[in-house]
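Have a look at the structure below before the remarks.
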Amino acid sequence: MRIVYRDFFLFEMANRELGENLMNDQIKAADINSSGHLQIGGVDALTLADKYGTPVLVYDVAKIRDQIHRFRNVFEQEHVEYEVSYASKAFASVAIYQVMKQEQAHIDVVSGGELATAIKADFPMEKISFHGNNKSEAELSMALEHGVGTIVVDNFHEIDLLKQLIADSSKRVNVQLRITPGIAAHTNSYIATGQVDSKFGFDVDSGQADKALRELMAISQINVTGIHAHIGSQIFDVQGFKGVAHKLVQIAADWQEKYDFHTKILNVGGGFGIKYSADDHPIHPEDFVRAIIDVVKKSAQESGIDMPAIWIEPGRSIVGPAGYTLYTIGSRKDIPGLLPYVSVDGGMGDNIRPALYNAKYEAVLARDPQAQNIEEVRIAGKYCESGDILSDRQPLPETHPGDVLVMLDTGAYDYAMASNYNRNPRPAVVFVENGRDQLVIKRESYDDLTHLDLNYSL
Ligand code: LLP
């Protein structure tokens, strides 16, 4: 019956326009080596799968650096003061923080755990911004103790905590004030944060943001350096960013007039969308940044405030396209009239995004990424849950157990959201650059899985 479905697929393909490229358009000629295999950062994907085992998440570090440079170049060309602050929730590890340090980028952290990782990476503390809608007292005092550069203050409880924590010291703290801009981005509702009904930041229209600013300005050790807003994630439309940039300038101008507060920084957050599949049409990082700069320049001039520095916080767009997850294909199930299930040795434990957000990814075979596709399949994970489907419709060439399947663009929020569901170990992470590879997170062992477990003896 498998043949029946394949015949149908081939018939469908024959009916498509002659010459239509059925290959994955995210694979470029440069990604294929002389053996016809996929190469990542100049290293054969099959060699990587052999050396490190699967599943393994491989990052092409040059791609990460390149994305940062692309964001940065526009600011440089436009002579605008700026910071690119990598939102490390997308992928946090000692190694990625070390790359960010080399690139002289800033980073955002959102937990004591990310901060501890940055400390371990010897990341410069003054280049860290600490985010979060419910930072604990312990997390805030850790941030103060280590001299974190900016606390992005989110709510009144946090202002009280900060006040108490610095009361008996001479510590000075830089803060940005996070507002909810009231701009709903067109994205999955789970990852939209800019609308008024959001758990993040101070509401503007009801006067909360004004009250927060007055409270912060009244604390002599606190220096409010900027205003922050973030509208959501995986955004393709530049309108939302223009809107938030304009809104931030308006607020800055209003606060200058009312409170003689002069903002040094406007932080427009992250959220720049990437291409996961043929259905995604993101705009270039340069275009996002240029649009933001244009609006801030124009609005600042109109409203009579000095041109502030612009900070952006990209996460996904920096690490997403640089990540490749290598799996080994195992079992297969064919059901008459339905798409077959082709199972791999990972799944929702290393990539929860398809199950959680209905996220789409594309995949190719490592041994021949340009092979003629002959069928569409569902790529199933190995976790005990029917929803553990990595792709619900993936065109593939003929596959066999043991083939290495590579999922593309898995660098953001995949490992970062990984779990040990079913007590599966989390995969290894490897960085590749200039034809060389290095293990940067070990694969978990069964001992790692049980090392916190204690015997029950009551
Ligand atoms: N800044 C702030 C304040 C944020 O909350 C976020 C993401 C970013 C920057 C970075 O956004 P990005 O450039 O990466 O889109 N787990 C979800 C994404 C959650 C995003 C949370 N905040 C996913 O897998 O799609």
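The values are calculated or read from the model by the stated rules, or taken from the named source; none is laboratory data. Worth saying up front: this structure is predicted, and the values here are computed from it rather than measured. Cβ atoms come from the backbone with ideal geometry, glycine included; neighbour counts cover every protein chain shown. SASA here: full protein model, heavy atoms, side chains in, ligands and nucleic acids out. Shrake-Rupley method; radii C 1.70, N 1.55, O 1.52, S 1.80 Å.
Just a few scattered comments:
- Highlighted here are the strands (runs of 3 or more DSSP E) found entirely within the stretch 308-371 that include at least 2 residues which are in contact with a Pro (Cβ under 8 Å, 6 or more places away or on another chain): 323-333.
- The stretch 175-212, residues that are at pLDDT 90 or above, assigned to a strand (DSSP E or B) and not basic (Lys, Arg): 175, 176, 177, 179, 180, 202, 203
- Filtering the stretch 404-423 to residues that are more than 16 Å from the ligand (Cβ to nearest atom) and either small (Gly, Ala, Ser) or buried (at least 22 other Cβ atoms within 10 Å of the Cβ) (or both) leaves 404, 405, 406.
- The requirement of being under 24 Å from residue 278 (Cα atoms), within 16 Å of the ligand (Cβ to nearest atom) and at pLDDT 95 or above is not satisfied by residue 363.
- Filter result for residue 280 (of a type in the set (D, E, K, R), open to solvent by 20 Å² or more (accessible area, probe 1.4 Å), part of a loop (DSSP other than H, G, I, E, B) and under 19 Å from residue 318 (Cβ atoms)): yes
- For the stretch 311-320, the criterion of being more than 14 Å from the ligand (Cβ to nearest atom) and modelled with pLDDT of 95 or more is met by no residue.
- Residues in the stretch 101-120 that are touching a strand residue (DSSP E or B) at 6+ places or on another chain (Cβ under 7 Å) and within 14 Å of the ligand (Cβ to nearest atom): 5 in all.
- All positions within the stretch 208-239 that are among the small types (Gly, Ala, Ser) and within 12 Å of the ligand (Cβ to nearest atom): 229, 232, 233
- Residue check, residue 296 under 23 Å from residue 228 (Cα atoms), modelled with pLDDT of 95 or more and within 14 Å of the ligand (Cβ to nearest atom): no
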